[in-house]
Number of protein chains: 2
Amino acid sequence: MPDSLTPTPSVTTGPLPASRKVHIPGKLHPEIRVPLREIAVHPSAGEPPVAVYDSSGPYTDPAAVIDIARGLPRARAAWIEARGDTEAVAGRDVRPEDNGFATGERLTPAFPIRNAPRRAKGGAAVTQLAYARAGIITPEMEYAAIRENMGRERAAAEARDGEDFGASIPDFVTPEFVRDEIARGRAIIPANINHPELEPMVIGRNFLVKINANIGNSAVTSSMAEEVEKMVWSIRWGADTVMDLSTGRNIHNIRDWIIRNAPIPIGTVPLYQALEKVGGIAPDLTWEVYRDTLIEQAEQGVDYFTIHAGVRLAHVPLTVGRTTGIVSRGGSIMASWCLHHHRESFLYEHFEEICDICRAYDVSFSLGDGLRPGSIADANDAAQFAELETLGELTKIAWAKDCQVMIEGPGHVPMHKIKANMDKQLKVCGEAPFYTLGPLTTDIAPGYDHITSGIGAAMIGWFGTAMLCYVTPKEHLGLPDRDDVKTGVITYKIAAHAADLAKGHPGAQVRDDALSRARFEFRWEDQFNLSLDPDTARSFHDETLPKEAHKTAHFCSMCGPKFCSMRISHDLRAEAQKEGMEAMARKYRDGGQLYMPVGGRE
Amino acid sequence: MPDSLTPTPSVTTGPLPASRKVHIPGKLHPEIRVPLREIAVHPSAGEPPVAVYDSSGPYTDPAAVIDIARGLPRARAAWIEARGDTEAVAGRDVRPEDNGFATGERLTPAFPIRNAPRRAKGGAAVTQLAYARAGIITPEMEYAAIRENMGRERAAAEARDGEDFGASIPDFVTPEFVRDEIARGRAIIPANINHPELEPMVIGRNFLVKINANIGNSAVTSSMAEEVEKMVWSIRWGADTVMDLSTGRNIHNIRDWIIRNAPIPIGTVPLYQALEKVGGIAPDLTWEVYRDTLIEQAEQGVDYFTIHAGVRLAHVPLTVGRTTGIVSRGGSIMASWCLHHHRESFLYEHFEEICDICRAYDVSFSLGDGLRPGSIADANDAAQFAELETLGELTKIAWAKDCQVMIEGPGHVPMHKIKANMDKQLKVCGEAPFYTLGPLTTDIAPGYDHITSGIGAAMIGWFGTAMLCYVTPKEHLGLPDRDDVKTGVITYKIAAHAADLAKGHPGAQVRDDALSRARFEFRWEDQFNLSLDPDTARSFHDETLPKEAHKTAHFCSMCGPKFCSMRISHDLRAEAQKEGMEAMARKYRDGGQLYMPVGGRE
């Protein structure tokens, strides 16, 4: 690419407003540098910067040199090599079918640099689960632990507030806690040994709730440049992982560009590419084609695979009476295969072999919910729960193979049926992390399904879901563009954060409190900068009060100066100091009656 | 206006796509004509039209002649006169201060038609509550009952699904049920006798969840024409009531234009206008100015008043330690007044006289939560709950005066503290309807507070809140424009509908099911038309697949034809019919093992 006539596509870079990227070194592993974003506030506040979790990678670091034709630095390579349990291999050659037989101008150029893939030596399990069980705290574990504390250096002193429904959220996340959670199967660090560009993160019920953004081209539209930018764009706004759901041509090459530039875990659905390889004819799928695709993608560095191995032949009839049948692509492909051949799913039958592949690269499982409900009418039905029980069974097999596992969940579920999903998942899947799509709480708002699902996502996140897969406004209608990606990400950051607050994650409320203080003190710039989307907050404010002076005004366009409740509150507070109201309030709270009504009722 | 040089402003009219307005006559009161919207589906579906609740008024009726300088037809006038307990009075003359002393070009012209206001004869209570207690089923009650059933003519035969947390939702809403709920104080029909243009509706925990949209000019911006259009626009998308929160000049005249053109209940905060009358100086407020404002607005036809009578002097000190003080404008004004004079609130002291005014016009109370929390940090604190207890006390007084009451609620509340609000409100306010603002479940997303609050609104609606006050994307940042109003309304329709589904309202799922069937059968046009916002759904679809032919395509841009799970599902279903899979599924569900795995694990 650097020598070709096509210029290297550019991506969005630069820090967010008032933000500075800082790096915290490890203690067990001093070589790790864990990123954090510090948002500065106005000196008048007399407050330290607010530290927030930062999944945006080097793109928001002004010190980083970004060239997507070179990819990100491969810091993890040394950690992986140091373990001594993997080796570089020749790897599988790229074949024409990997890119849908695209040639000439229709072929997306290969990523310019080819690194030899690595694989476990001699059948070893090189997974974070294997290390955790062996009592090893890896650099990845310490890295994830430091991230979770968001700059706090010790356990919070204050009493915690929240309802966690039986989770075990610690006051302070230690590397040992991360190790223990992984060893128990309650958390995963998706981190393929062939993805050394990764900044590790942990997914589990006792950690901050994460969000995933889906990208990917389809047969109808999109290109490599757009997809890389969508990835960068989605993590800029807070996506913790990204799934590449491409289904058209050039799948292999586009994925290479994405992974080489991705500081976050990348997930895929290998079945999509396998189907492309057999010309889109589901019954023509074979274990051999599928197996080859797994190796292809594992060598590229995919961090987690959605595997629809829970769609068994016997489940298919359960979907026949449904309002919306099978809405998962992977689920419908496998159901079609099973029914056509009238035999058990090859994914189910070969599941142990799939585990053997995944453990050699540390590809995590995201066990797919191929039978998730696609409508309120189908929520929590026999098909959905039959599959979930199979996923529980597969979880045990994967764990026996030292593979990391999370479980995918619905879908469309009305509010009163959400908690049953979480409870059943925890029970049948042994507390493996739950990773849900929404759920959408009503079917009647296409165009707004980020909102119908944001409601369900916040709730199921509170109940214990570890990662929320975003839904964009285009869901059910079309492919998301850049704006849709951002809207989806911000909506899901809201849902995840609302869940963190409700679960009582220590430190979660720090940002709310800082923003609310800024609001109360009319520090408009701080209010924008501390928000999830400073650009939008600022532009909305400017629409009605564009002048710079208004950024320091002690009122806004909503009420104008006369009606400003906040300003009146400040006057009250000033008066309070005069009158010693705090003392009076204490007496009132203690049951005293301070003020006798001058007249009227008692 | 018709003779002036200024053309009469226009508003948005015309039916929604594929929709027809139908009118259902009453049985007890054959003269009433209750509107309903029927959405037609494609003949290939073989399904009847879907009937949905219609709050949009004559504006969506192609048969109606709309001229906002004439106002809407006054159908209710005859019902009110027929009761014989009210009389036309001269009424209060408009005074210069009613419009903020605006003159000349700055004065919004008066509404061209002046109708003599009516008032109860000889101190009678002419409220729906008084009639309900007397065992009278008014036309308003029957009207509201018919609306609630959304075209169903009898109780649903199927079993109901949902969790209603102790509500008493009937299978079918009869006029007698509405009467009984009102008599118990569990529901209200806000319906001022001076608002005969009103299409009555009921607000209560055992009815469909309603939503309110706020409009209103401020000292900084907006005009009469814009506000009337915002009202029409908000009900087009489903707002059930509208609050006019104007605070600038011309409050009186703009309100007249709004009410004369409003088929939905109009609420106000009379304190805002009273404050304007005393030049914006809170301590200068007097009971006399406030009382005069109540009469002014009651004669105009305001259907419900927000009265912040729960902000008592003794509560003020409880707010001093808060992160965001008092964020309610009304609350801060009253707190300021109390503190300045160091005496009890005049609203609290004169509450019985306020009731005497309200009962003479049937203005419902919306008891304001002047001390609602403005941040996560302040949620559920002593100030908030002290006020709520006072509101419970005031509810009993209002009920003793035959006045209808609802109670306003928070605010900013994290998810785990929402239910406590609902439970406490039900307990201390004797099940009077709860009317909440959001609540916002986090503070960190200005620009997206329709979403932070939509999450809380859906949840509290499920728990029992009767009406949800919308929040727009501009909350905390600026005044909502037309687009923001629409986004706020649609978001809250989603929240209210999600709540209806979760509560198990009979009939609520009909629209979800119809839309999901359309989705499964690739009836794209039906999918758009059945959605809350057909225009947006259609335009999103057209962005990627603009051609008309694609509206009948059996796939979409998301997956393309090869990967379409829905299409594959159809193929499965066809195969199923061949193989009799439904029978097999039954056996599977009964515990049978139909398919033995060909190989692999059991």
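Selection of segment A:466-500 for residues being away from chain B (no Cβ under 11 Å), outside any helix (DSSP H, G or I) and not β-branched (Val, Ile, Thr) yields A:ALA466, A:MET467, A:LEU468, A:CYS469, A:TYR470. Name the pairs whose Cβ atoms lie under 8 Å apart, with the first residue in segment B:411-430 and closer than 18 Å to B:GLY368 by Cα, the second surrounded by fewer than 17 Cβ atoms within 10 Å (Cβ to Cβ) and acidic (Asp, Glu), and 6 or more positions between them or separate chains? From segment B:411-430, the pairs are B:VAL428/B:GLU389. Looking across segment A:289-344 at every residue that is among the charged types (D, E, K, R) and within 7 Å of another protein chain (Cβ to nearest Cβ), the one that is surrounded by the fewest Cβ atoms within 10 Å (Cβ to Cβ) is identified as A:ARG343. Number of residues in segment B:79-117 that are under 24 Å from B:ILE281 (Cα atoms) and either in a helix (DSSP H, G or I) or in contact with a Pro (Cβ under 6 Å, 6 or more places away or on another chain) (or both) equals 5. Considering segment A:403-433, and only residues there that are within 16 Å of the chain's Cα centre (by Cα) and assigned to a strand (DSSP E or B), the residue that is nearest to the other protein chains (Cβ to nearest Cβ) turns out to be A:GLU408. Residue count for segment B:269-288, restricted to those that are part of a helix (DSSP H, G or I), more than 9 Å from chain A (Cβ to nearest Cβ) and out of contact with any strand residue (DSSP E or B) (no Cβ under 9 Å at 6 or more places or on another chain): 7.
Considering only segment B:390-402, state which residues are among the polar types (S, T, N, Q) and over 23 Å from the mean Cα position of the chain (by Cα). Selection gives B:THR390 alone.
Let's see how each residue does on (1) touching a residue at least 60 places away in the same chain (Cβ under 8 Å); (2) within 14 Å of chain A (Cβ to nearest Cβ); (3) in contact with an Asp or Glu (Cβ under 8 Å, 6 or more places away or on another chain); (4) crowded, with 21+ Cβ neighbours inside 10 Å:
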| site | (1), (2), (3), (4) |
| --- | --- |
| B:ALA183 | no, no, no, no |
| B:ALA191 | yes, no, yes, yes |
| B:GLU199 | yes, no, no, yes |
| B:GLY204 | yes, no, yes, yes |
| B:ILE211 | yes, yes, yes, yes |
| B:VAL228 | yes, no, no, yes |
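Once segment B:242-262 is narrowed to residues that are outside any helix (DSSP H, G or I) and not small (Gly, Ala, Ser), the residue that is farthest from the other protein chains (Cβ to nearest Cβ) is B:ASN261.
Right, B:ARG118: of a type outside the set (Phe, Trp, Tyr), surrounded by 24 or more Cβ atoms within 10 Å (Cβ to Cβ) and farther than 30 Å from B:ILE490 by Cα or not? So B:ARG118 fits the description; yes.
Taken together, the residues in segment B:39-61 that are in contact with a Gly (Cβ under 7 Å, 6 or more places away or on another chain) and either at pLDDT below 95 or among the hydrophobic types (A, V, I, L, M, F, W, C) (or both) amount to 1. Identification of helices (runs of 4 or more DSSP H) wholly contained in segment A:135-241 with 2 or more residues that are within 22 Å of A:TYR492 (Cα to Cα) yields A:139-148, A:224-236.
Of the residues in segment A:265-283, not one is hydroxyl-bearing (Ser, Thr, Tyr) and touching a Cys at 6+ places or on another chain (Cβ under 8 Å). The residues in segment A:504-561 that are at the interface with another protein chain (Cβ under 7 Å from one of its Cβ atoms), over 30 Å from A:ALA155 (Cβ atoms), modelled with pLDDT of 95 or more and not in a loop (DSSP other than H, G, I, E, B) can be counted, and the count is 2. Checking the structure you have, find out if any residue of segment B:75-90 is exposed (fewer than 15 other Cβ atoms within 10 Å of the Cβ), of a type in the set (Lys, Arg), under 30 Å from B:GLN273 (Cα atoms) and in contact with a His (Cβ under 9 Å, 6 or more places away or on another chain). The answer is no; no qualifying residue exists. Scanning segment A:135-161 for residues that are modelled with pLDDT of 95 or more and closer than 14 Å to A:VAL510 by Cβ gives A:GLU148, A:ASN149.
Scanning segment A:321-354 for residues that are under 28 Å from A:ALA400 (Cα atoms), touching a Gly at 6+ places or on another chain (Cβ under 8 Å) and not hydroxyl-bearing (Ser, Thr, Tyr) yields A:GLY330, A:GLY331, A:MET334, A:ALA335, A:GLU344, A:GLU349, A:HIS350, A:PHE351. The requirement of being closer than 20 Å to B:PRO534 by Cβ and either within 10 Å of another protein chain (Cβ to nearest Cβ) or buried (at least 24 other Cβ atoms within 10 Å of the Cβ) (or both) is satisfied by A:PRO446. The set of residues in segment A:336-363 being among the hydroxyl-bearing types (Ser, Thr, Tyr) and at pLDDT below 95 consists of A:SER336 alone.
The values are calculated or read from the model by the stated rules, or taken from the named source; none is laboratory data. Not measured: the values here are computed from a predicted model. No Cβ is skipped: glycine too gets one built from the backbone with ideal geometry, and neighbour counts run over all protein chains shown.
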